[in-house]
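Derivation of every value follows stated rules applied to the coordinates shown; laboratory data play no part. It should be emphasised that the depicted structure is a prediction, and the values quoted were computed from it without experimental measurement. Heads up, the Cβs are rebuilt from the backbone with ideal geometry, glycines too, and the neighbour counts pull from every protein chain shown.
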Amino acid sequence: MHDITAGQWWRGAAIYELYLRSFANGGAHDAGACAGDGTGNLAGVRERLPYLADLGIDAIWFSPWYPSPMADAGYDVADFRDIAPEFGTLAEADALVGEAHKLDIKIIIDIVPNHCSDQHPWFQEALRSQPGSPERARFWFRPGRGPDGALPPNNWQSIFGGPAWRRIPDGEWYLHLFAPEQPDFNWGNPDVRSEFEDILRFWFDRGVDGIRIDSAALLTKDPLLPDTAPGLPDPASDRDDVHEIYRAWRRVADEYEDKVLIGEVWLPDADRLARYTRPDELHTVFNFPYLNCPWDAAALKKVIDSSPVPATWVLSNHDVDRHVSRYGRANTSFDLQGRDHSQPVDLVLGTRRARAAALLTMALPDAVYIYQGEELGLWEVEDIPDELRQDPIWHRTGGRDPGRDGSRVPLPWSGKEPPFGFCDGCQPWLPQPKEWRDLTVEHESCDPGSMLQLYRAALRIRRERLGAGPMTWLPSADGVLVFDRGDRLRCVVNISSVPAELPAGTLLLASNLLGADGTVPTDTAVWLAIS
Ligand code: NOJ
């Protein structure tokens with residue numbers, strides 16, 4: 001029913017987040033791509049495009065695919081205009097874009113404008129140049145404080161733990177809001193601005209349909225670099241001057257047809273968040289309050305009602321605990337700053353709720369994001385051996401924060417043993433749980449009650465029945481959400497502890513078996529046709 005080739009294709013799209021390192025390790029299509037090294041690559045994606053077409057998605061968002069030392073899994077970019085050799089080649093990326101388009105799948109790539117890799121030529125030039133030089137002015141180099149400048153220039157802390165400054169041999173310090181291998185660009189510098197506008201054009205010219213903007217609220221900093229203090233505005237986040245950048249980027253996107261800009265903006269304040277999607281700025285931002293929200297009807301309703309428009313619904317991504325695990329814990333909410341793997345997880349309960357959450361999410365208006373593996377019901381792998389962990393968060397917090405590796409474990413495709421068809425006779429870069437033998441694509445494709453079949457059915461019905469129709473809440477019992485989407489679909493989600501009445505309509509899809517008396521059991525969602 002929704003036509004993704006018309007303008008604003010992204011509004012109703014189902015967008016699949018493809019975490020390249022963990023999707024599929026395929027054979028080499030072009031010289032240079034590695035087969036069987038245990039890391040996902042473009043060849044693997046090209047081989048599996050039919051799987052994604054069959055799943056029923058409209059677009060793929062690729063995690064960063066650029067040359068990178070991988071200090072932060074590719075979010076430390078050494079060259080914004082090429083493909084990492086371990087992932088493939090630029091020619092292969094071009095071929096992939098063409099193949100995806102033939103299947104009516106759009107391609108969104110990840111641009112990381114807040115920082116680059118410390119191996120990026122600009123940063124290497126800056127290190128070789130003098131303090132005060134134009135090369136250093138593209139970053140935040142400053143003398144230190146205290147005797148001999150031995151203390152960092154201010155009290156800012158890295159989001160990954162520890163101070164946000166690193167000292168170099170000539171005594172200056174440079175700012176890194178993430179890992180030390182990720183120096184922050186100075187967006188007050190005109191070279192940085194023009195470089196990124198050029199990078200956008202480079203990828204749009206190659207046929208890429210959209211850009212996911214990493215850490216979009218962090219780009220501009222108070223140039224005086226004041227200490228942070230409780231009660232004062234954050235000098236390094238969500239500053240008013242960041243919006244000029246997105247107005248300029250929108251002008252670039254508008255030089256083309258149907259390109260979309262999507263901001264990764266983690267802000268609790270709905271009004272501040274809404275500023276990023278003003279008509280001359282980004283097209284959408286991720287709705288993280290929905291992801292953070294506990295499995296609670298009143299809380300979900302509140303978040304849904306205050307969502308930015310156009311909406312984007314996200315349950316999981318590569319930075320958060322997978323929602324099967326979140327929903328199986330006593331505390332079902334998520335806090336990026338406080339991952340807690342000490343709570344017991346009931347995977348049966350979590351899976352049941354994840355199934356209901358999938359139907360809730362896919363019935364909501366506008367775009368939905370699916371993080372690879374959620375369609376298989378994968379859970380957060382919490383028992384990765386310490387020596388195999390790669391996330392800088394785990395390393396920089398001395399293991400206090402378990403980090404994000406557990407959501408990035410390579411996908412299980414087929415077979416009964418690891419590597420489950422992820423690669424041919426290789427050791428995946430993170431170990432897969434043996435229990436995933438029941439969660440492979442192969443296994444779930446033959447099981448009518450699987451998560452995969454639920455996602456396939458829901459995406460098909462969503463595509464057929466849900467156009468731009470608005471959502472209308474209907475009266476419901478406590479703990480139960482009931483709403484209509486347009487005049488064709490009614491969604492009921494029972495998050496209360498007692499069975500809920502099934503409203504009028506013809507059953508289309510249910511996340512679990514209904515009660516013998518036709519009621520909707522706890523933690524169950526149902527879609528009904530109303531015309
Ligand atoms: C957000 C990305 O999603 C995350 O994975 C990354 O570590 C940080 N930005 C820094 O680029």
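Close amide H pairs (under 5 Å, H built 1.01 Å from N) link ASP523 with ASN494, ILE495, SER496, residues at least 5 positions away or on another chain.
Rounded to 0.05, the FRET efficiency of the GLU99 and ASP37 pair, given R0 = 25 Å and the Cβ-Cβ distance, is 0.65. Which whole number in µm²/s is D for segment 123-265 by Stokes-Einstein, with the Kirkwood Rh taken over Cα pairs at 10 °C and 1.306 mPa s? For the chosen part, D equals 96 µm²/s.
Reported value for segment 428-531: 155 Å³ per residue, from the convex hull of its C-alpha atoms. Here's the picture: charge each Lys and Arg Cβ at +1 and each Asp and Glu Cβ at -1 in segment 470-529, and of LEU502, GLY479, ALA529 the one pushed furthest to the positive end of that dipole is ALA529. The share of C-alpha pairs in segment 470-529 whose separation exceeds 15 Å stands at 41 percent. For the chain, the Kirkwood estimate of hydrodynamic radius, built from reciprocal distances between every pair of different alpha carbons, is 24.0 Å.
Rounded to the nearest 10 degrees, the inclination of helix 451-465 to the longest alpha-carbon principal axis of the chain is 80 degrees. Note on segment 385-422 and segment 128-179: Cα centroid distance 31 Å, given to the nearest whole angstrom. Across the chain, Cα pairs under 8 Å and at least six residues apart give a relative contact order of 13 percent. With a cut-off of 15 Å between beta carbons, the residues surrounding SER133 carry a summed charge of -1, where Lys and Arg count +1 and Asp and Glu -1.
Residue ranges 402-411, 465-474, 285-294 sort as 402-411, 285-294, 465-474 when ordered by packing (mean number of other C-beta atoms within 10 Å per residue, highest first). For segment 491-531 versus segment 315-378, the inter-centroid distance based on Cα atoms is 20 Å. Of all lysines in the structure, those lying under 27 Å Cα to Cα from LYS102, and not within fewer than 8 positions of it along the same chain, are LYS259. Highest mean packing comes first when the peptides 498-506, 226-234 are listed by Cβ atoms within 10 Å, giving 498-506, 226-234.
For segment 236-250, backbone phi angles converted through the Karplus equation (6.51, -1.76, 1.60; θ = phi - 60°) give residue-by-residue couplings of 10, 8, 6, 7, 4, 6, 5, 5, 4, 4, 6, 5, 5, 5, 5 Hz, Gly and Pro being listed as x.
Paramagnetic label reach from ASP241 (point 7 Å along Cα→Cβ; backbone nitrogen cut-off under 20 Å): within segment 192-216, residues 192-197, 215-216. Principal-axis analysis of the Cα atoms of the chain puts helix 347-363 at an angle of about 90° to the longest axis.
Let me have the relative contact order for segment 440-489, percent, based on Cα pairs under 8 Å that are six or more residues apart.
Numbers: 38 pairs, mean separation 13.0, N = 50.
RCO, segment 440-489: 26 percent.
A straight chain from ALA270 to GLN130 at 0.36 nm per residue would run longer than the Cα-Cα distance by 46.1 nm. Neighbour counting of Cβ atoms within 10 Å sorts the residues SER237, SER68, fewest neighbours leading, into SER237, SER68. Run lengths n ≥ 4 of DSSP H only: what is the helix-derived mean residue ellipticity at 222 nm for the chain, with -39500 (n - 2.57) per run over all residues, to the nearest 500? Value at 222 nm, helices only: -7000 deg cm²/dmol. Here segment 470-529 is assigned +1 on the Cβ of each Lys and Arg and -1 on the Cβ of each Asp and Glu. Its dipole about the Cα centre then comes out at about 200 debye. Computed from backbone phi, the HN-Hα couplings of segment 159-165 come to 5, 8, x, x, x, 8, 10 Hz, rounded to whole numbers (Karplus: 6.51 cos²θ - 1.76 cosθ + 1.60, θ = phi - 60°; Gly and Pro given as x).
Axis of helix 90-102 versus longest Cα principal axis of the chain: the two differ by about 30°, to the nearest ten degrees.
Summing +1 for each Lys or Arg and -1 for each Asp or Glu, what net charge is found among the other residues whose Cβ lies under 10 Å from the Cβ of ARG488? With Lys, Arg at +1 and Asp, Glu at -1, the net is 0.
Under a 5 Å amide H cut-off, with hydrogens placed 1.01 Å from N, MET70 pairs with ASP76 among residues at least 5 apart or on other chains. Once the Cβ-Cβ distance of ASP258 and LEU49 is raised to the sixth power relative to R0 = 25 Å, the FRET efficiency obtained is 0.75. Averaging the sequence gap over all C-alpha pairs within less than 8 Å and six or more residues apart, then dividing by the number of residues, gives segment 470-529 a relative contact order of 31 percent.
Rounded to 0.05, the FRET efficiency of the ASP170 and SER194 pair, given R0 = 41 Å and the Cβ-Cβ distance, is 0.90. Here the chain carries DSSP beta bridges of which approximately 55% are antiparallel, counting only pairs with both residues inside. Sequentially through segment 111-124, phi angles give Karplus couplings (6.51, -1.76, 1.60; θ = phi - 60°) of 10, 10, x, 6, 7, 9, 7, 5, 8, 4, x, 4, 6, 4 Hz, Gly and Pro residues having no value and appearing as x.
Reducing segment 201-262 and segment 460-489 to their Cα centroids gives an inter-centroid distance of 34 Å. Our compactness index for segment 285-383, the C-alpha radius of gyration over the empirical 2.2 N^0.38 Å, is 1.00.
Taking amide H as placed 1.01 Å from N in the peptide plane, ASN287 has its amide H under 5 Å from the amide H of THR312, VAL314, each at least 5 places away in sequence or on another chain.
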